[in-house]
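Quick note: the coordinates plus some simple rules give every number you see, no bench work behind them. Since we're looking at a predicted model, the values are computed, not measured. FYI the Cβ positions are ideal-geometry reconstructions off the backbone, even for glycines, and counts take in every protein chain you see.
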Amino acid sequence: MEETKKLGNNHRKKILAAIIFSIIAVIGLIVVYFYVQYKNTHITTDDAFVDGHIHTVAAKVSGTVKAVYVDDNQFIKAGDLLVEIDPVDYDVKVNEAASGLSAENAKLSEMDARIESAKKQLAERRAAAEAARADLELQEANLRQAELDIRRAETLYKKDVVSKERYEKTTTQYNVTLAEVKAAQEQLKQAEKAAETQQAMVKQAAAARTSQLSLIQEKEAVLRAARLNYGYTKISAPSDGYITKKSVEGGNQIQAGQPLMAVVPLNDLWITANYKETELERVRPGQRVEIKVDTYPGEKLKGSVDSIMSGSGAVFSLFPPENATGNYVKVVQRVPVKIVLNKDADRQHILRVGMSVEPTVIVEAKDSQQGRNRKTDAERKD
């Protein structure tokens, strides 16, 4: 009786164990099934971090820092005054450049007055030359008439038609007219020469004015540069953001190009996730992404795939691999993927540039199936 009872208990234990094992196996299969389904539709990496724009604020001119108006981690708006350099030296240069420009402009005004006077004198010289030319034409006409008169008088004198006195008077008149023509010719020559000389003076003055204009342009450029450098003594924020890496204090002597601080805007952050190249066949721009932040375990942000970098991280490193030399060991490459956050996903600005995150790309079933099909086709070809 006891043996029968003992056998019954053992049988029940075996049945119970079998049931428990079956339940565990079913649960395991269910877990494996859902795990496989999850892996087929979710691509996760922990090689990811928060990225964003970092604006380096640097001095454009050298000098002594007069004042610093911000501190580390302070929020500022675009255009806010950050640093001021002592402007005294640059103000002096502006005044010197302005004085130099004024002096050259005054010289230009004097040149314009001289050119105007020279043009008036040129007009007078040309008028005198025209008058001399008209007088010469008149005297030449008189000479032609005198030549006719003397020929007629000579003919009549030989025929004793006119007296000797009349003939001599006509000859004298011809000689006088001839002398007047020569005098008019000389006067015209001198008048034309005076006009040419005055014309040359006008051209010379115009050339000097052109040179003066070039000099004025140089002085204007110097003044613009001086004013620009004076403006550079006030350094303003390039964008909204937070101050970081501030390395300047009042009284410091700084040089042009020296970095003073950085401005990090937190309203335009994204995620740079380095996925394995074997996982990228299923990643597409526009796919949904869930993002876990290591700093805030309870936070889960939403985003989407923006783009895939056109090369692996190794290619763009400072020392890219040289696989043509030495022993080659194949290593799975990682390719950066840019993930953008949904609008208002980080409304409280809890993210900081450089934070570690764990993004999960949610792959559609059809994309997953297409990826597997491409992989199978590639294996068949091999």
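Things worth noting here:
- Mean separation of Cα pairs under 8 Å and 6 or more residues apart, divided by the residue count, gives the range 89-231 a relative contact order of 50 percent.
- Placing unit charges on the Cβ atoms of the charged side chains and taking the dipole of the chain about its Cα centre, the candidate lying farthest along the positive direction among 64, 229, 261 is 261.
- If you count Lys pairs in the range 17-104 whose Cα atoms are under 23 Å apart, skipping same-chain pairs closer than 8 places in sequence, the total is 4.
- Here the peptides 70-82, 126-138 are ranked by packing, the mean other Cβ count within 10 Å, and the order with the highest first is 126-138, 70-82.
- Inter-label distance, residue 164 to residue 204: 6.0 nm, where each label sits 7 Å from its Cα along the C-beta direction.
- Ordering of 240-246, 309-315 by packing [mean C-beta count within 10 Å, highest first]: 240-246, 309-315
- Relative contact order computed over the chain (Cα-Cα under 8 Å; 6+ residues apart), in percent: 30
- What the Cβ-Cβ distance of residue 247 and residue 338 gives, at R0 = 35 Å and to the nearest 0.05, is a FRET efficiency of 0.70.
- Highest mean first, the peptides 47-53, 298-304 sorted by other C-beta atoms within 10 Å per residue fall in the order 47-53, 298-304.
- Computed log₁₀ I(q)/I(0) - Debye formula, equal Cα scatterers, no solvent, the range 89-231, q 0.15 Å⁻¹: -0.84
- Here, the chain is characterised by an Rg to Rh ratio of 1.55, where Rg is the alpha-carbon radius of gyration and Rh the Kirkwood radius.
- Using the Cβ-Cβ distance between residue 46 and residue 281 with R0 = 22 Å, the FRET efficiency computed as 1/(1 + (r/R0)^6) comes to roughly 0.60.
- Centroid-to-centroid separation of the range 269-294 and the range 13-33 [C-alpha atoms, Å]: 37
- Additional length obtainable on full extension of the chain from residue 109 to residue 75, 0.36 nm per residue less Cα span: 6.9 nm
- Net length gained if the chain between residue 299 and residue 236 were fully extended (0.36 nm per residue, minus Cα distance): 19.2 nm
- Build a GNM of the chain with springs between Cα atoms under 10 Å apart, and of 92, 353, 162 the one that fluctuates most is 162.
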